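First up is the structure itself, then whatever we jot down about it.
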Amino acid sequence: MNMKKIETLNPMMQKYIDSLKYERKLSHNTILSYQNDLFSFQEYCKKDPFLVTKEDIESFLKERSNAAVTTRAHLFTVLSNFYAFCLEEGYRSDNPCEGIHMPKIPERIPKYLTYEEVDTLLNMPLKTVYDYRTKAMLELLYATGMRISELLSLKPANLNLEDHFIRVEGKGSKERVIPINETSEYYLTLYLNDYRKLLIKPSKNYDELFLNNRGTPITRQGLFKLLKALCKSVGIEKEVSPHILRHSFATHLLNNGADLRVIQELLGHSSISTTQIYTHVSKEHLKEEYDETKFREHL
C-alpha cells in the first residue's frame, strides 16, 4: 500500500491503527491489511466515522458482493473491530456493524501427512551439510508445530537443549516456550556442533540459526523449494508445505489423545476456536479407520 493512503487516513482510524501497532503489536502485514480496508471504506463512504450508519456499511459490503467471501468477511471484521474500538474509547455509543450478517466462510479442513508419509519425509538420505541442516529443520517443524516464520527467525540463543525446550516469538511478538523431543534435539545438536559453522561465510555475520549455501538466512521461498525437491526425491506426491508439517503435528497429537488446550498453547493460537479445526480432522481420521475396519470384516 502506498504512503498516500496511510497519510490521508481519518485521524480516528489512524488512532486505531496505532493501537494495533503499539499496544496489540500485530504483524506489519496485518496492520497494512487493516489500513487498506479502512481506507477503502473511507473512500467509499466519504463520511466522518462517527456519523456512519449500519446502512452505510451494508451498502459498502453489497458494493463488493463480487469479491471472495473471505475478502468481504475480512472487510466486515476490520470495520466491526474498528467500531468496537470507538465504542470502547467512548467516541460512539453504538457499533453500526451490529446486526449485519456476513456469509459464512466455508470451513477448510487442514491438509496433513499420514504417519507413514512423515516417516518417509524425515527418513531422508543424509549425505551433505545441507542435508543435515534440512533434516534438523524438518524434525523441528514436526516436533514443535511452529510456524515457518518462527522457524526461520530462530537464533542459537533461542535453544535450550540442556533443558529440552526452545523459545519462539509468534504473532504479535508473543513469546512461547515449546518442548522438543530427543530426535529433533539430536539433529539440532549435530547441526549446531558440526555443520552450521561450515555454512558461515567470513564476510557475513548472521545470527539466524538456519543458513543457506551463501551463508545468509534461509528464506520462505528457499525452504519451500527444498521441501518440494525432497518430496519428489522420496516419492511423496502430495503438495507439501512447511505449514502441512504444523497441521500434521497438531493432528497427530490430537489423534493420540492430547488435550486441545495443550495443542492451542503449543501452536500459539490466541483462541481455542482456531485450534478446534483439528477436531474435524481427527473425526475424519476416526471415520476412515472405522470404514477400513468394516471393510476388513467383510473379507
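Stretching GLU88 away from LYS62 to a fully extended chain increases their span by 6.6 nm, per 0.36 nm per residue minus the current alpha-carbon distance. The Rg/Rh ratio of the stretch 159-214, with Rg taken over Cα atoms and Rh as the Kirkwood radius over Cα pairs, comes to 1.03. Ellipsoid semi-axes for the stretch 3-89, based on the Cα gyration tensor and the rule √(5λ), read 20, 15, 13 Å when sorted largest first.
Close amide H partners of LEU211, meaning residues 5 or more places away or on another chain with modelled amide H under 5 Å apart, are ILE218. Max-minus-min Cα coordinates of the chain on each principal axis give 67, 65, 34 Å, with the largest extent listed first. When the pairs LYS155/LYS232; LYS127/LYS204; LYS135/LYS238 are compared against a 21 Å limit on Cα-Cα distance, LYS155/LYS232; LYS127/LYS204 fall above it. Once the mean of 1/r is taken over each pair of separate Cα atoms and inverted, the stretch 4-154 shows a Kirkwood hydrodynamic radius of 18.8 Å. For the chain, the longest principal axis of the Cα atoms and the long axis of helix 54-63 meet at an angle of about 60 degrees.
For the stretch 172-202, the set of trypsin sites (Lys or Arg not before Pro) satisfying both a DSSP loop assignment and a count of at most 16 other C-beta atoms within 10 Å is given as LYS174. Scaling the Cα radius of gyration of the stretch 158-279 by the globular reference 2.2 N^0.38 Å produces a ratio of 1.21.
Each value in this text was obtained by applying a stated rule to the coordinates, not by laboratory testing. All of these numbers come straight from a predicted model, not from anything done at the bench. We place every Cβ from the backbone using ideal geometry, glycine too, and count neighbours over all the protein chains shown.
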